[in-house]
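J.: This is the structure, below, for whatever I ask next.
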Ligand code: ADP
């Protein structure tokens, strides 16, 4: 098979910079694609953390004026990734969150900062650097969404373009009067271009002009073409349904490997699930909970936003805790939700533990020590938390939406009879349905042999990147073949 070369454009890449699942995808997919004969080079903004990690970088391209300042493209290797870094100090040399300033609000020049990502991706795709001729430019989310649009409207060499939607809720909308500044031609400001209800839509422009659109699960791909799930873009997505598909995410199974995980109290395997006990004890201690092996321990690891549905827990927490149940939560996000969970922990000492913040190590311990992981999202494009939970034998208790619906097998009567369940699903995403699901979880917990069986099923599920990478490779190949014809 002819090797394919992909230029991925992403605003965050694990382990260099991460705010969400997109970073995990951008960090892990290239390694899995290598096994499929696909070479990936990843273009990423030069935030301080990226420049630090790319210490061995060398300049391969100079841009005298990239939206108000000189920039260079650096080539570097880090964490096994072949990187191109946009070193543009006026745009990216700022510490902290890649999207938000110290006041917690979007950087005022985010339109320029991320148009630059799309523009440089398109320039590199078109051959700005000698000897760098990618077959495909693969843009991730609104931040790189303009890449397919810039590619479409520019002259010269044109590689294929793919846009992956990790979350349709974030669309990158900016005022129309930025059009010239952003070097978007007048004709691009149209229904089949970047125009979106009188504004410039970065994601919309990409959706309109990409050769292929993917999103991160088959169910989410079906949801986003409906008015309920389409967030205003369902009409366009329906029009482009012939090039839209859903490919599940995987997780990096070397990072998430319970048999060799140094971040947890005791490694374990499907054959030695009993060894999870030490992790449960460590988790209860870490969160100041009563040490109790028999108590069902629920874990939550999440951004605290409306999407994640965790507010459904608030009203019922007292009710829930009448059952023999403990809850640990690790999360950060909306201040009201952070305060709500901190207050719940203070109100229910020994039973509810809450740590506000972002902590990779602790996320591993929760996956290894909790009996079940709760993901009650109102919508969820793919979701990674439940995939890690499966791998760690923490039964996922999930809303039946998006990728959660595609990756968890509900342990209902039929599944139990067939020996296939690996978690619990509920629908609709309401307090009552969530409570009913937790009652089912509690009933399963009281049957240790059944629970153990479900844990084994969970740990056997293939959550690696192997299959998803094959799907991406097939999609790239089909696109390249179509363009050669
Ligand atoms: P999203 O990208 O919408 O936040 P995903 O489930 O796709 O949700 O990916 C989020 C990833 O980040 C998961 O691996 C999750 O466990 C992890 N994560 C979320 N919040 C935290 C946190 N506070 N600390 C550590 N890991 C977190």
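J.: Could the peptides 249-255, 96-102 be put in order, highest first, of the mean number of other beta-carbon atoms found within 10 Å of their residues?
T.: Put in order of decreasing packing, that is 249-255, 96-102.
J.: Using alpha carbon centroids, what distance separates segment 250-275 and segment 127-203, in Å?
T.: 41
J.: Considering only DSSP beta bridges where both residues belong to the chain, give the percentage that are antiparallel (nearest 5).
T.: Close to 25 percent.
J.: Kirkwood Rh over Cα pairs of segment 46-131 into Stokes-Einstein at 4 °C, 1.567 mPa s: D in µm²/s?
T.: The Stokes-Einstein estimate is 96 µm²/s.
J.: Separation of segment 366-382 and segment 337-355 by C-alpha centroid, Å?
T.: Computed from Cα coordinates, the inter-centre distance equals 18 Å.
J.: Only bridges whose two residues both fall in segment 55-197 count here: according to DSSP, what percent of them are antiparallel, nearest 5?
T.: Numbers: 13 of 18 bridges.
DSSP beta bridges in segment 55-197 are roughly 70 percent antiparallel.
J.: Once the piece of chain linking residue 339 and residue 241 is laid out straight, how much longer is it, given 0.36 nm per residue of separation minus the C-alpha distance between them?
T.: Fully extending the segment from residue 339 to residue 241 adds 31.1 nm.
J.: Please sort 50-63, 377-390 by packing, taking for each peptide the average over its residues of neighbouring beta carbons within 10 angstrom, highest first.
T.: 377-390, 50-63
J.: Could I ask something else about it? Can you pull the one-decimal nm distance between simple spin-label points at residue 93 and residue 70, each 7 Å off the Cα toward Cβ?
T.: 1.2
J.: Would you calculate a helix-derived [θ] at 222 nm for the chain, using -39,500 (n - 2.57) for each DSSP H run of n ≥ 4 and dividing by the full residue count, to the nearest 500?
T.: Mean residue ellipticity at 222 nm (helix-derived): -11000 deg cm²/dmol.
J.: For segment 273-460, what size does the Cα cloud have along each of its three principal axes, sorted from largest down, in whole Å?
T.: 43, 34, 31
J.: In nm, give the distance between the simple-model label positions of residue 443 and residue 260, each being 7 Å from the Cα along the Cα-to-Cβ direction.
T.: Calculated label separation equals 4.1 nm.
J.: Once the convex hull of the alpha carbons of the chain is built, what does its volume come to per residue, in cubic angstrom?
T.: 149
J.: Please determine, in degrees from 0 to 90 and to the nearest 10, the orientation of helix 466-484 with respect to the longest principal axis defined by the Cα atoms of the chain, where the helix direction is its Cα long axis.
T.: Orientation of helix 466-484: about 20 degrees from the principal axis.
J.: If I fit a long axis through the Cα atoms of helix 335-347 and take the longest principal axis of the Cα atoms of the chain, what angle between them do I get, 0 to 90°, rounded to 10?
T.: 20
J.: Could you work out how far helix 21-34 tilts from the main Cα principal axis of the chain, as a 0 to 90 degree angle to the nearest 10?
T.: 70
J.: Ordered by packing density, taken as the mean number of other Cβ atoms within 10 Å over each peptide's residues, highest first, how do 272-284, 163-175 rank?
T.: 163-175, 272-284
J.: Can I ask one more? Give me the Debye-computed log₁₀ of I(q)/I(0) at q = 0.21 Å⁻¹ for segment 127-249, equal point scatterers on Cα only, no solvent, two decimals.
T.: These q points yield log10 I(q)/I(0) values of -1.18.
Each reported figure results from applying straightforward, stated rules to the coordinates on display, with no laboratory input. All values derive from a computational prediction rather than experimental measurement. With ideal geometry, Cβ positions are generated from the backbone for all residues, glycine too; neighbour counts draw on all protein chains shown.
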